[in-house]
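Here is the structure we will look at, set down as structure tokens.
The values are calculated or read from the model by the stated rules, or taken from the named source; none is laboratory data. None of these values were measured; they are calculated from a predicted model. Note that we place each Cβ from the backbone using ideal geometry, even for glycine, and neighbour counts take in every protein chain shown.
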Amino acid sequence: MSRIVLSEINKYYGSNHVLKDLNLVVEDGDFMTLLGPSGCGKTTTLRVIAGLEKPQSGNIYMDEREVVNAKERFYEDPAKRGLNLVFQSYALWPHMTVFDNVAFGLKVEKVPKAQIAQRVQNALERMRISELAQRYPSELSGGQQQRVAIARAIVSEPKVLLLDEPLSNLDAKLRVDMRSELKRLHRELGATIIYVTHDQVEALTMSTKIAIFFDGVLEQVNTPMEVYQNPASIRIADFIGNPRINFIPGKAQRAGDLLTVESVLGIHQFNADTFTNEMPGDGLFDCVVGVRPEQIEISRQENAAGIPANIYSSMPAGSETLLQLSVGDVQILAKQIGLKNYAADQPVWMLINPESINIFHKETGRLIKRATSETEE
Amino acid sequence: MVSEMQVQVSAQPPSNLPQSRPYSRWRKYKNIVRNAISNPYNLMVLAAIVLLTYFIAVPLMEMIRTTFSLAKADVRRLGGDAQVGQFTLYYWKQILTSSVAKKMLYQPLFNSFIIAVSTSAIGVSLGAIIAWLLVRTDLPFKRFFSLAVIMPYMLPSWCKSMAWITVFKNERIGGTQGFLNYLGIQTPDWLAYGPVAIVAVLCIHYYAYAYLLVSAALRSVNSELEEMGEILGASKPLILKSITFPLVLPAILSSVILTFSKSMGTFGVPSFLGLKVNYYTISTMLHSTIKNQQTNLGFTISLILIVIASINIFINQKLIGTRKSYATIGGKGGHSALLQLGKWKVPITVLLLLFIVFAVFLPLVILLYQTFMLRVGDYGLSNFTLHYWIGKSDPMIYDGLPGIFNNVKFWHYVRNTLKLVIVTSLIATICGQLLGYINSRGRHLRSGRLVEQLVFIPYLIPSIAFGAMYLSMFASSTTVDILGYRITLIPALYGTFTVLVLVSIVKHLPFASRAGTANMIQISVELEEAAQIAGAGFPTRFAKIIFPLSKNGFMSGFMLIFISIMKELDLIVILMTPDQTTLPYMAYTYSAEGVTQLSNCVAIVMFLIVFLVYWVANKFFNANIAGGLGG
């Protein structure tokens, strides 16, 4: 059992306000990813949870236990929070062997010697590096150091495992391997994992929940699929997804339960059950239509329901083909599975399911109309 | 199905918070106190500030106060109803505007200034060029050169002035003839004594600082930066001028500060080479005023010297400014492509070799050679003797002074010196590491910067003034009565071993703390945090993580302080009592009494001790003395 609640956390470095009124609930057993561009406060959040930074205001609870009460200046010691942390730099102690690195925490806890050997051995085996026990960190490759750092973090059997951009120093292939390794570890340990990254692919593939930060503000917390399909703001939509989402300017008018949107994609109408609570009141306003490239179907034949467009350029890449289309003076990117061949300037027709598109309020940047789910069970 | 799922678009305050206790102010204060006490950083900062205030700020204030307070000896001079200790501007007027001001302040100040500027210009250029040759070019015999060029650093500067006199002195002023005289060459006075001689000796001593700092900076510059210039088609001189030079400029400027303030405050060399021709510098003037019991005037001069040093450092800080930050950009350059000297290789090697022979080995050889001469000035073989090393007391030679190895006092002083040097370097190094820990972890905190600035003060105070300051502070005890208990605020320590230890530690703290900072900065905070999360308290972290990782840096700091204190004369010359004499002071008094050979014997022994320690530290601990010098 380990549920973590952060309530109204504010953190300043001098006059620099790095975490602004942060509220976050991490449920027991979650794989929660803190995602955002660099400098957005995600690592600070992790360090606040770990107890390495003291927030100026707010409370943190782990299960029913209060670990931070800034108003009473109470900050529980990091070691007493039942968690462990894997640093981005790994922070392996260079003067100790792999065994000693992993055993350090247990020695501090005064665990009996035989038991230390047993537990270190288990942790090393779990990370499949038991043959490296007597080596020094400088004699290991980056991937091996990474495994030692994780072994050191899990040997104390923490209820919460914190990982700070652990894969950013690995090469692309190792990164894919470690991703599946971490996912398996999460299942086996049953621990809550909080994972910091700026890589949206890592976030989407590994997490059960994603928390997205911009400029010290937590903008959205949800499942990866929900974040992908219904990003709460234009900048989240822009940040998540590769190739990136298309933004098409439009005009919107709300009249009671009906929203009418006009853009180069035509005129669409939406019902109140797709509205979010950011929807403004009745009236006319500027909006932005968000369409993911893979949500656009391309027809070579004229189609009455389709929107006429021209191929601007076609970029086949083996498993997929990216198409740059021009519709009027708007450029739109579409993605098709498999190898497709189009000639430049060839006329095509785009088919878009209006249910699947997002509408954002241009002025506030917030999502006002959600897409309905297409996830296949 | 979809519309039923509640979208959490933006994060709202969690509604189902665990039960929270009501806010308690009492718990808040309890926690504030608990946090403050349990954080080792706070405790260390507090201890550092209290100790530094007591040992640095208080003496400085005391010194300033003294310059405004009338001394007993001057009461009569002022006449009227003047009282001892009353507020007076007498000393400042005396120094700045009276008829003796020119002789006491302006002329010596001008002399010091000329010497400091020339020494910085020549010494730093020399050091920088040698550093560049040794680090960046394909010069042969590098191992030999790199050891030889730092040897001057191991010999006190005034020992070199003794060697200088030996070579250049003439009978007119020196009494006996120098080596060149002996060969029949008449040396002019301006070469034997005065500014030229002083600058020459200081240059062949202080170039070592510039060499150490610049070579460390050059090593950290990635040679790829230079190669990039080459790819872009820049010629070698252009690369040197527009890439290499700007990158090591901060190190060069640091060397200038160091050399300038050192030569401004140096006492030994101008006292050997200047006093005989009545050439006073500010430090020799300071020494003579204090020796003549004109302490208040001496302190006034010291303060002027401190102000000059501060201005110098302030200007340099402004000059270096943000540039300081890129001094080490590029990290370790992996491989480092050496510049081919080509046809210049042979001439440069020969030139450097000649320099080493004349500036490094010759002074040593001369000193050594002189110890074997029965009578000073006779360089013939018939004059050869081992008397000054192992001879028994002979009434015919220097009133029966025995050779140093047969002199009980000598062994006593050796023990004294080693005790002082080892105790002081150990304590100073440990303090330096702890201060370095505060500096490196508290860089962004006001407390960390305050400690850094306090530690820096002794750097500004010339050694001889620093000694005088401690003399006045610890000459008699100061007590206060609190609630009927007599509490000694400042004990009377003059004439004790403790005061020598104290003054040496405090004066060397800037170097020790710099070495410590350089050491601690390279230990990533995350290594410590990882241990903190594993449950290790501060003592465990220090013992198991920080100390093992800083061992080599610790040795470097230790060695830097060791060598420096081993040679120290300026600092302790005023505080010396016969019982506490150290080797440098013994050599100095022998020399002042004209017993040149014995003085040289002692100097040679000092050099051997320093060399041995350096060799051991370098060989077994991979120590490097440049770290603590860096500015």
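Here are the numbers for the structure shown:
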read-out	value
Contacts under 8 angstrom Cβ, first residue in the range A:4-18 being at the interface with another protein chain (Cβ under 10 Å from one of its Cβ atoms) and surrounded by fewer than 21 Cβ atoms within 10 Å (Cβ to Cβ), partner acidic (Asp, Glu) and assigned to a strand (DSSP E or B), 6 or more apart	A:Glu8/A:Asp21
Selection status of A:Arg152, within 14 Å of another protein chain (Cβ to nearest Cβ), of a type in the set (Lys, Arg) and crowded, with 19+ Cβ neighbours inside 10 Å	yes
Qualifying residues in the range A:294-322 (those that are surrounded by 14 or more Cβ atoms within 10 Å (Cβ to Cβ) and charged (D, E, K, R)) - the one farthest from A:Ala344 (Cα to Cα)	A:Glu294
Residue that is crowded, with 19+ Cβ neighbours inside 10 Å and at positive phi, where the choices are A:Gly190, A:Gly216	A:Gly216
Residue tally, condition touching a residue at least 24 places away in the same chain (Cβ under 8 Å), among the hydrophobic types (A, V, I, L, M, F, W, C) and farther than 15 Å from B:Asn519 by Cβ, over the range B:423-454	6
Options B:Val501, B:Val506: the member that is at pLDDT 85 or above, touching a helix residue (DSSP H, G or I) at 6+ places or on another chain (Cβ under 7 Å) and buried (at least 20 other Cβ atoms within 10 Å of the Cβ)	B:Val506
Breaking point among (1) at the interface with another protein chain (Cβ under 7 Å from one of its Cβ atoms); (2) free of Cβ contacts under 8 Å to residues at least 12 places away in the same chain, for A:Ala91	(2)
Filter result for B:Val248 (more than 30 Å from B:Met469 (Cβ to Cβ) and modelled with pLDDT of 80 or more)	yes
Residue ranges of strands (runs of 3 or more DSSP E) in the range A:268-368 with at least 1 members touching a Cys at 6+ places or on another chain (Cβ under 9 Å) and within 14 Å of another protein chain (Cβ to nearest Cβ)	A:358-361
Residues located in the range B:533-544, provided they are surrounded by fewer than 23 Cβ atoms within 10 Å (Cβ to Cβ) and within 12 Å of chain A (Cβ to nearest Cβ)	B:Gly535, B:Ala536, B:Gly537, B:Phe538, B:Pro539, B:Thr540, B:Arg541, B:Ala543, B:Lys544
Residue tally, condition more than 7 Å from chain B (Cβ to nearest Cβ) and touching a residue at least 24 places away in the same chain (Cβ under 8 Å), over the range A:76-88	7
Residue check, B:Asp579 surrounded by 19 or more Cβ atoms within 10 Å (Cβ to Cβ), more than 10 Å from chain A (Cβ to nearest Cβ) and modelled with pLDDT under 85	no
Helices (runs of 4 or more DSSP H) wholly inside the range B:181-236 that include at least 1 residues being of a type outside the set (Gly, Ala, Ser) and under 22 Å from the mean Cα position of the chain (by Cα)	B:195-220
Members of the range B:140-190 that are modelled with pLDDT of 80 or more and of a type in the set (Gly, Ala, Ser)	B:Ser146, B:Ala148, B:Ser157, B:Ser161, B:Ala163
Of all residues making up the range B:404-423, the number that are in a helix (DSSP H, G or I) and surrounded by 18 or more Cβ atoms within 10 Å (Cβ to Cβ)	8
Flag if B:Ile505 is farther than 22 Å from B:Gly298 by Cβ and not in a strand (DSSP E or B)	yes
Only one of B:Leu527, B:Leu489 that is assigned to a helix (DSSP H, G or I) and either in contact with a helix residue (DSSP H, G or I) (Cβ under 9 Å, 6 or more places away or on another chain) or away from chain A (no Cβ under 14 Å) (or both)	B:Leu527
Yes/no for A:Gly105 being surrounded by 22 or more Cβ atoms within 10 Å (Cβ to Cβ), without any contact (Cβ under 8 Å) to a residue 40 or more places away in the chain and closer than 26 Å to A:Ile4 by Cβ	no
Test result for A:Ala203, within 30 Å of A:Ile150 (Cα to Cα) and modelled with pLDDT under 95	yes
Neighbours by Cβ (under 9 Å, 6+ apart or cross-chain): first from the range A:212-225, more than 11 Å from chain B (Cβ to nearest Cβ); second surrounded by fewer than 24 Cβ atoms within 10 Å (Cβ to Cβ) and among the basic types (Lys, Arg)	A:Phe214/A:Arg235; A:Asp215/A:Lys20; A:Gly216/A:Lys11; A:Gly216/A:Lys20; A:Pro224/A:Lys209
Any chance A:Ala123 is over 25 Å from B:Pro539 (Cβ atoms) and either surrounded by 16 or more Cβ atoms within 10 Å (Cβ to Cβ) or within 9 Å of another protein chain (Cβ to nearest Cβ) (or both)	yes
Residues satisfying the stated conditions in the range A:112-123, i.e. in a helix (DSSP H, G or I) and more than 16 Å from A:Arg147 (Cα to Cα)	A:Lys113, A:Ala114, A:Gln115, A:Ile116, A:Ala117, A:Gln118
Filtered residues of the range B:65-86 (kept if surrounded by 15 or more Cβ atoms within 10 Å (Cβ to Cβ), touching a residue at least 24 places away in the same chain (Cβ under 8 Å) and part of a helix (DSSP H, G or I))	B:Thr66, B:Thr67, B:Asp74
Every residue from the range B:436-490 that is farther than 30 Å from B:Pro40 by Cβ and of a type in the set (Gly, Ala, Ser)	B:Ser463, B:Ala465, B:Gly467, B:Ala468, B:Ser472, B:Ala475, B:Ser476, B:Ser477, B:Gly484
Filter pass, A:Ser233 being in contact with a Gly (Cβ under 7 Å, 6 or more places away or on another chain), within 12 Å of another protein chain (Cβ to nearest Cβ) and not acidic (Asp, Glu)	yes
Residue match in the range A:40-59 (condition: within 11 Å of chain B (Cβ to nearest Cβ), under 14 Å from A:Ile210 (Cα atoms) and buried (at least 21 other Cβ atoms within 10 Å of the Cβ))	no
Helices (runs of 4 or more DSSP H) fully within the range B:340-403 counting 2 or more residues that are buried (at least 19 other Cβ atoms within 10 Å of the Cβ)	B:362-371, B:387-390
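To keep it simple, each residue is scored yes or no on (1) part of a loop (DSSP other than H, G, I, E, B); (2) closer than 27 Å to A:Met32 by Cα; (3) within 14 Å of another protein chain (Cβ to nearest Cβ).
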position: A:Asp100; (1), (2), (3): no, no, yes
position: A:Lys107; (1), (2), (3): no, no, yes
position: A:Lys110; (1), (2), (3): yes, no, yes
position: A:Arg135; (1), (2), (3): yes, no, no
position: A:Val148; (1), (2), (3): no, yes, yes
position: A:Ser156; (1), (2), (3): yes, yes, yes
position: A:Leu185; (1), (2), (3): no, yes, no
